[in-house]
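The values are calculated or read from the model by the stated rules, or taken from the named source; none is laboratory data. From a predicted model like this one, the values you see are computed outputs, not experimental measurements. Cβ placement follows ideal geometry from the backbone for every residue including glycine, while neighbour counts extend to all protein chains displayed. With ligands, DNA and RNA removed, areas are computed over all heavy atoms of the protein, side chains included. Shrake-Rupley method; radii C 1.70, N 1.55, O 1.52, S 1.80 Å.
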Amino acid sequence: MAMEMQSGGKMMGFLVILLVLFIEMAAPTSASRNSFSTQILEVQNQLKLLNKPAVKSIKSPDGDIIDCIKLSHQPAFDHPMLKNHKIQMTPNFHPEGVFGENKVASKMKLGSSRNVTQMWHLNGRCPEGTIPIRRTRKDDLLRASSIKAFGKKRHKTIPQPKSADPDLITQSGHQHAIAYVDEEKYYGAKATINVWEPKIQQPNEFSLSQIWILGGSFGEDLNSIEAGWQVSPDLYGDNHTRLFTYWTSDAYQATGCYNLLCSGFIQINNEIAMGASIYPVSSYHDSQYDISLLVWKDPKEGNWWLQFGNSYVLGYWPAFLFSYLSDSASMIEWGGEVVNSESDGQHTSTQMGSGHFPKEGFGKSSYFKNIQIVDGSNNLRVPKDIATFTEQSNCYDVQTGKGGNWGSYFYYGGPGRNANCP
């Protein structure tokens, strides 16, 4: 009996030791507690920096909250070089040919167009003197790999049509189907872009369709201004198609961001929100919807302006943000981009455009039409010698055309993984 009790006591003691060890392993160390507290503090500080005090807030049917922020309180003015900046409320000049009127901006028709809709418009509008900004939430920041990385593209994401690097695809994990020009100096670009809601395989992947305004080489000092639509679960937390912009002056390293997620782009328009949902979107073999985007350089001030549709002049990127683009662009690209993470060892099934190949044509494949560039005389014109580029045409492809009221156009995109793209 005594031996049994002794044996039982040893067993109980062993179990107590195991329990203590488990508690010690499970309990957070002071270092891990400090790390967690630091992260929470960083998140709170970043939210305070991004979400300025609102004059009015609008709950969108898609779950977004749109804050109406005073024009002078927007994130752009956190930049030290914009502290005493006088906001330019209209461009001095506008490319000839858009409205068939004089190039001077005062002659522009700036009235609203009801053909263009963002989902949040269903529940309200921002008053004059404010701009609409999509509110950033805690979950948005926590999805990012780091607070510093939030709202930024990764390095080496620009399509390089003339690169001879055989590792280009595997290095960047990004794939493209684009049309481009690079034979002269460019002062802007325009296109009408078919809008879809492509399916995304992994939350860390995205699909976008955009215009790139590029200056410099594809090295560490590349300048880029970008605008289009995208589906990005990682950035926005859902699969809605959203209007977006991007800029960088050092090939996505330290400068630039999406939308208004850092200081840079100065918005003047109170009707269109960067990063907000575009509604409605196109359906296969059914109704088709598109948006027109124009980016151009004001020859007087040197700022790069953005226009959405025929009526919404959204704002500008100040000239001082850039080195090469302070003069002109050396390349313009139009087209689609996806992230191919190959998470299961196979090509992603993330769709580009409509998810269908160019050969299917209108109503089935996505398009860019009325492709134009702005030349040195501030005129909009059809570009010469349009070339195309795609890393793997059996995954995503591009086909150009010309004629009729579509001017220069192309169909692009594809399904990603298929029998010919394993």
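Couple of notes before you dig in:
- Verdict on Phe368 being buried (at least 24 other Cβ atoms within 10 Å of the Cβ), more than 18 Å from the chain's Cα centre (by Cα) and farther than 24 Å from Ile133 by Cα: no
- Summed over region 228-253, residues that are farther than 23 Å from Ile65 by Cβ and either crowded, with 24+ Cβ neighbours inside 10 Å or under 14 Å from the mean Cα position of the chain (by Cα) (or both) total 5.
- Residue within region 207-214 that is at pLDDT 95 or above and farther than 30 Å from Ser377 by Cβ present: yes
- Taken over region 204-221, residues that are in contact (Cβ under 8 Å) with a residue 40 or more places away in the chain and not in a strand (DSSP E or B) amount to 6.
- Residues that are surrounded by 12 or more Cβ atoms within 10 Å (Cβ to Cβ) and not charged (D, E, K, R), drawn from region 371-386: Ile371, Gln372, Ile373, Val374, Asn378, Asn379, Leu380, Val382, Pro383, Ile386
- Annotation: Gly173 fulfils all but one of (1) open to solvent by 20 Å² or more (accessible area, probe 1.4 Å); (2) at pLDDT 50 or above; (3) of a type in the set (Gly, Ala, Ser); the unmet one is (1).
- Residue list for region 299-338, restricted to those being in contact with a strand residue (DSSP E or B) (Cβ under 7 Å, 6 or more places away or on another chain) and at pLDDT below 95: Pro299, Lys300, Gly309, Asn310
- Test set (1) outside any loop (DSSP other than H, G, I, E, B); (2) under 16 Å from Ile193 (Cα atoms); (3) not hydrophobic (A, V, I, L, M, F, W, C) - Gly355 fails condition number: (1)
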